[in-house]
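One structure is given below, encoded as structure tokens.
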Amino acid sequence: MKARVFITLKNGVLDPQGKAIGHALNGLGFASVGEVRQGKVIDIDLSETDAAKAKAALKDMCEKLLANTVIEKYEIEIG
Amino acid sequence: MKAAVIVFPASNCDRDAATALEAMTGKKTAMVWHQDNELPAGTDLVVLPGGFSYGDYLRCGAMANQSSIMAAIKAHAEKGGAVLGICNGFQVLTESGLLPGALMRNAGLKFICKPVALEVTETQSAFTRNYAAGQAVTFPVAHGEGNYVADDATLDRLEGEGRVMFRYQNNPNGSARDIAGILNEKRNVLGLMPHPERAVDPATGGSDGRAMFQGLIEALS
């Protein structure tokens, strides 16, 4: 089973990198670009075949390592 | 005082820390590899040094927190043993939960490497007992991710309990409430971004850091 984990900064946490990307896009002429927030994507192969069990394990992985929940939130996509 | 410096892959201030400790204590400092499971017997002070442990993969300090030595460090802190996390060491301490909050990319996005003016905010700790409250000191900083972030309730609690130990006089990195260094609730774990171990010799970087090590020696010997 393949899973994809999205990790992004929580709302309200300043994202200086996102801001710099936004400025650069404006500089390239993309005038419609407003706020930009960046994050990371982690792809994980799992031997687990039960989707519910996989999701529970992935949530545990996010809480223990993949995300720092002081500043980040995560979303899990399976399949 | 028996000190141990933890060495992670890509720690790069471990020898600076050992040199400073040895100059101040006159004793050999133990260098402890991250894959070890225990601290040398009788360790009084554990130093988590600056650097780029595990190449800052995932998040600064996140992989170091998974090292086998961390269980021993947490047990040492739990028993009231002193732990000093400098720069990347501070990041490891927040990742481990020994200190609250997190350290994010500097607000200006630049890596900052220069001496900075700090205020010693609190003196009630083994780390700061030899400073005067409100004393101005200069320590070097060298970091790209030193922007201290925590929710307002946590910040209020840190301030209310006298656990903000150092503040920037001219905030270089966007840290909330100018915070440069904080203490845990039991007052035995300090994390700070500036480098006191690079300020123990007037020939290189000033000597304002000496009082921290002197205070630790007096408190822990």
* Inside the stretch B:167-212, can you point out the residues that are outside any loop (DSSP other than H, G, I, E, B) and more than 25 Å from B:Glu95 (Cα to Cα)? -> B:Asp201, B:Thr204, B:Gly205, B:Gly206, B:Arg210, B:Ala211
* To do: Check every one of the strands (runs of 3 or more DSSP E) wholly within the stretch B:84-166 and list those with 2 or more residues that are within 13 Å of the chain's Cα centre (by Cα), basic (Lys, Arg) and within 14 Å of chain A (Cβ to nearest Cβ).
  => none
* Asked: Hey, does the stretch A:53-65 have a residue that's within 14 Å of chain B (Cβ to nearest Cβ), within 23 Å of B:Val92 (Cβ to Cβ), touching a Leu at 6+ places or on another chain (Cβ under 8 Å) and at pLDDT 95 or above?
  -> yes
* Looking at B:Gly215, is it assigned to a helix (DSSP H, G or I), in contact (Cβ under 8 Å) with a residue 12 or more places away in the chain and among the small types (Gly, Ala, Ser)? -> yes
* State yes or no: is A:Gln17 under 30 Å from B:Ser67 (Cα atoms) and in contact with a Gly (Cβ under 6 Å, 6 or more places away or on another chain)? => no
* **Filter result for B:Val137 (touching a Gly at 6+ places or on another chain (Cβ under 9 Å) and over 26 Å from A:Asn68 (Cβ atoms))** => yes
* Quick one: in the stretch A:66-79, of everything that is under 9 Å from A:Ala3 (Cβ atoms) and not β-branched (Val, Ile, Thr), which residue is nearest to the other protein chains (Cβ to nearest Cβ)? => A:Glu77
* Cβ pairs under 6 Å, 6+ apart, first in the stretch B:175-189 and touching a residue at least 40 places away in the same chain (Cβ under 8 Å), second among the hydroxyl-bearing types (Ser, Thr, Tyr) and assigned to a loop (DSSP other than H, G, I, E, B) -> B:Leu183/B:Ser125; B:Arg187/B:Ser125
* Which one of the conditions (1) surrounded by fewer than 23 Cβ atoms within 10 Å (Cβ to Cβ); (2) of a type in the set (A, V, I, L, M); (3) in contact with a Ser or Thr (Cβ under 6 Å, 6 or more places away or on another chain) does B:Ala176 fail to meet, given that it meets all the rest? -> (3)
* Output the number of residues of the stretch B:63-75 satisfying the condition of being crowded, with 22+ Cβ neighbours inside 10 Å and away from every other protein chain (no Cβ under 14 Å). => 2
* Considering every residue within the stretch B:53-62, establish whether at least one is within 14 Å of another protein chain (Cβ to nearest Cβ) and not in a loop (DSSP other than H, G, I, E, B). => yes
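The values are calculated or read from the model by the stated rules, or taken from the named source; none is laboratory data. This is a predicted model, so every value here is computed, not measured. Please note: Cβ atoms are built from the backbone with ideal geometry, for glycine as well, and neighbour counts cover all protein chains shown.
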